[in-house]
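Report on one structure; see the data block that follows.
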Amino acid sequence: MTSPAYSHHFSINNLPFGVASSSQHPRPQCVTRLSNTVIFLGDLQRAGLFRQVTSLPGGVFDNPTLNAFAALNKQVHKQVRQALQSALQDSGVEKLPTGSTEPTTAVRMHLPVSIPAFTDFSCSLNHVKNAGRAILNDDTPPPGFFHFPIGYGGRASTIVPSGTPITRPLGHFYDRSAGIEKKTVVYGPSQAMDYELEIGVVVGKPVPPHRGLNAKDADEHIFGLVLLNDWSARDIQGLEMVPLGPLNGKAFGTTISSWIVTLDALEPFKAPGPEPRVSLPRHLQDIVDCNYAISLKVELEHGASTTLLSKSRAQDLFWSYRQMCAHLASTGCDLQTGDILGTGTVSGPTEGSYGCLLETTQGGKVPVALSDGSSRIFLQDGDVVRMSAVAGDASSGVGFGECVGELKPARAVLEL
């Protein structure tokens with residue numbers, strides 16, 4: 001069941017794309033959403049709503065993922081959205097074909113795309129400085145940060161849709177119970193579970209191998225954006241990152257929101273990006289308004305208690321979504337339809353704008369107070385992390401809904 005709580009995010013100005021099923025539509029198929037109504041696009045196509053979109057393949061919305069539609073030219077996506085807006089403009093969903101709509105409470109949301117690969121970047125200067133101070137007492141960015149968007153290859157197979165529980169992972173880490181001076185490596189349930197508030201880029205039209213891509217041309221290959229929670233086991237991550245990047249500290253689970261918000265919907269909210277600090281190669285040079293004004297927040301729920309942990313802004317990212325795509329393709333790497341590229345933690349410069357507990361607690365030194373009187377250094381079993389985002393202000397009608405997951409206890413450690 002998808003939450004009706006974010007109906008104001010889904011106005012006619014939005015019309016995002018997702019995949020849903022229900023008792024009336026038992027097979028997962030492509031949908032959009034208006035307020036608290038989910039619209040099954042295959043039914044509309046059979047009724048002739050998209051007859052003017054001549055390049056739209058027959059039955060494309062009956063697929064269990066959006067990949068076939070996402071791979072089409074951007075002009076087709078635009079024409080489909082315009083046809084939907086035209087049909088919904090006057091009478092909303094009332095005149096749509098019988099059986100083509102269902103309330104959000106009657107449907108189950110699925111992963112919107114089949115995901116060949118996941119690459120996670122670190123595009124926030126605020127985050128790398130905040131994290132550097134928390135871990136190393138040094139806020140100097142990594143040496144490559146101002147030259148290109150740094151990143152690593154993630155684990156696509158463990159990306160799950162919003163609402164899916166996340167099991168606390170098992171792994172290797174330093175046992176600190178004997179004191180900071182005695183470092184003993186143990187294997188067991190992570191003791192330092194964290195979240196990371198991110199935005200995910202969903203690749204649409206693919207980029208072939210060895211073709212390359214200029215950032216200024218990358219919009220043609222971006223189907224849309226989602227919210228992304230890059231769950232992180234900080235203790236496992238900390239041990240394995242010397243000398244390589246994250247592996248098991250990240251690979252156990254990543255949550256994305258159910259609705260892909262298109263760049264057409266976000267167009268009115270374009271915002272300027274930061275000035276480059278160094279001379280950039282041609283493929284990384286971007287347009288002036290390279291970001292979007294998106295307000296994000298993170299809430300933590302435990303039992304009946306809800307605490308607002310942070311508010312941050314996507315327009316504060318140092319590197320753009322287009323530059324992420326261009327950098328990945330610059331070596332000759334292909335971009336495949338359904339690939340997801342995470343921005344890394346979206347953080348601001350001040351307290352209350354940090355996108356993960358690592359920053360908020362200053363590396364575990366300062367507990368964060370919750371509304372029920374308890375506190376957290378890292379997440380406890382039963383904690384629910386809820387992320388949400390809206391473009392512009394709350395009245396815009398263009399939002400992402402929620403990206404939510406509950407942390408469940410670790411599985412038992414098998415003894416030999």
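The values are calculated or read from the model by the stated rules, or taken from the named source; none is laboratory data. Computed from a predicted model, the values in this text were never measured in an experiment. A quick note on method: Cβ atoms are made from the backbone with ideal geometry, for glycine too, and the neighbour counts reach across all protein chains shown. The accessibility values were calculated without ligands, DNA or RNA, using every heavy atom of the protein model including side chains. Shrake-Rupley method; radii C 1.70, N 1.55, O 1.52, S 1.80 Å.
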Exercise. Find the accessible area per residue for the chain; the probe is 1.4 Å, ligands and nucleic acids are left out, and the unit is Å².
Key: 42
Quiz prompt | Separation between Cα centres of the stretch 4-27 and the stretch 348-416, rounded to whole Å | solution = 25
Self-check item: Reciprocal of mean inverse Cα separation for the stretch 7-109 (Kirkwood radius, Å)
Solution: 13.6
Exercise. Give the Rg (one decimal place) followed by the Dmax (whole number) of the stretch 118-408, computed from C-alpha coordinates and expressed in Å.
Key: 18.4, 55
Quiz item: Once both labels are modelled 7 Å past Cα along the beta-carbon direction, what's the residue 287-residue 210 spacing in nm?
Solution: 3.1
Self-check item: Net charge of Cβ neighbours under 9 Å - reference residue 410; Lys, Arg +1; Asp, Glu -1
Solution: +2
Self-check item: Cross-link reach list, lysines versus residue 182, counting only Cα pairs under 23 Å and skipping chain neighbours closer than eight places
Solution: 365
Quiz item: Put a dot 7 Å past each Cα toward the Cβ at residue 73 and residue 183; how far apart are the dots in nm?
Solution: 5.7
Quiz item: Which FRET efficiency value, to the nearest 0.05, do you get for residue 47 and residue 5 by plugging their Cβ-Cβ distance into 1/(1 + (r/R0)^6) with R0 = 45 Å?
Solution: 0.90
Quiz item: In the stretch 103-200, what GluC sites (Glu not before Pro) fall in a loop by DSSP, with at most 10 other Cβ atoms inside 10 Å?
Solution: 181
Quiz item: So, with a 1.4 angstrom probe, what is the percent of accessible area on the stretch 209-316 that is carbon and sulfur?
Solution: 52
